[in-house]
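Visitor: Can you read through this structure? Questions will come right after.
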Amino acid sequence: MRGIALFVALGLAATPAAAREPLGIFDRWGAFRDPSPLKCFAISTPVERSAGGGNWRPFASIATWPGQNARAQLHLRLSHERDPRARVTISVGDRRFELVAGNADAWAPDARTDAAIVAAIRSGRSLSVEALGKGGRPFVDVYTLRGAATAIDAAALGCVGR
């Protein structure tokens, strides 16, 4: 049942559900393909998040965009609007990474950091995202990584040869 609820929640995130093709659900992570522009991605929602967030669904995704030669790129939708002066960091095990951030989204600063984050995700148990929200209040979003490696692989394979 949890897999079906996750599938429905993730299937509604970001783009029209009719355009999205499911590639599989792997514990708390799903893999999907969008046809135009072609992208394949693994995605999950937090298992824990600080109260009082925005009116949107936070998520963590790892995407491949064949048309842009982009592979395994991290994108986070934060649960809260970030204070414009605040850093956004993620922790996976004992590894910490500082991200580039917009108002409520964050990304790795470069392909090398994306690769290091994905490698940490593959061997980690949980990922936490930390920042200061508007007004200076700290917040944390926590993701379980069970199923993440398989979903990342399914997403990468979903765009091979396309």
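The values are calculated or read from the model by the stated rules, or taken from the named source; none is laboratory data. These figures come from a predicted structure and were not determined experimentally. A quick note on method: Cβ atoms are made from the backbone with ideal geometry, for glycine too, and the neighbour counts reach across all protein chains shown. Only protein heavy atoms, including side chains, enter the accessible area calculation; ligands, DNA and RNA are left aside. Shrake-Rupley method; radii C 1.70, N 1.55, O 1.52, S 1.80 Å.
Visitor: What relative contact order, as a whole-number percentage, does the chain give when Cα pairs under 8 Å and 6 or more residues apart are counted?
Guide: 26
Visitor: Heavy-atom accessible area per residue, the range 47-115, 1.4 Å probe: how many Å²? Please list the in-between numbers first.
Guide: Working: 3980 Å² over 69 residues.
Heavy-atom accessible area per residue stands at 58 Å².
Visitor: Stretch Arg57-Ser36 to full length: gain in nm at 0.36 nm per residue minus the Cα-Cα span?
Guide: Extra length available between Arg57 and Ser36 comes to 5.3 nm.
Visitor: Determine the gain in length on full extension of the stretch Asp94-Ala111; use 0.36 nm per residue of separation and subtract their C-alpha separation, reporting nm with one decimal.
Guide: 4.1 nm
Visitor: Please get the size of the charge dipole for the chain, origin at its Cα centre, with Cβ charges of +1 on Lys and Arg and -1 on Asp and Glu, quoted in debye to the nearest 20.
Guide: Charge dipole of the chain: 80 debye, to the nearest 20.
Visitor: Further question: Taking R0 as 25 Å, what FRET efficiency do you get between Ser126 and Asn103 from their Cβ-Cβ distance, rounded to the nearest 0.05?
Guide: Taking R0 as 25 Å, the efficiency between Ser126 and Asn103 is 0.50.
Visitor: Quick one: with all protein chains in place, what share of the accessible area of the chain is carbon or sulfur, to the nearest percent (1.4 Å probe)?
Guide: 53
Visitor: Can you compute the helix-only [θ] at 222 nm over the chain? Use -39500 (n - 2.57) per DSSP H run of at least 4 residues, normalise by all residues, nearest 500 deg cm²/dmol. Don't skip to the answer; put the middle values down first.
Guide: On the way: 3 runs with 34 residues, N = 162.
The helix contribution divided over the chain gives -6500 deg cm²/dmol.
Visitor: Under a plain spin-label model, where a point goes 7 Å from the Cα along Cα-to-Cβ, how far apart in nm are Asn69 and Asp153?
Guide: So the label points at Asn69 and Asp153 sit 2.8 nm apart.
Visitor: Please give the solvent-accessible surface of Glu130 in Å², to the nearest 10, using a probe radius of 1.4 Å with every protein chain present.
Guide: Surface accessible to solvent at Glu130 totals approximately 60 Å².
Visitor: Find how much the distance from Ala119 to Val142 grows on full extension, using 0.36 nm per residue of separation minus their present alpha carbon separation; answer in nm with one decimal.
Guide: On the way: separation 23, 0.36 × 23 = 8.28 nm, distance 1.78 nm.
My answer for the length gained is 6.5 nm.
Visitor: To the nearest Å, what is the center-to-center distance of the range 69-107 and the range 19-63, using C-alpha atoms only?
Guide: If we compute the Cα centre of each part, the gap is 15 Å.
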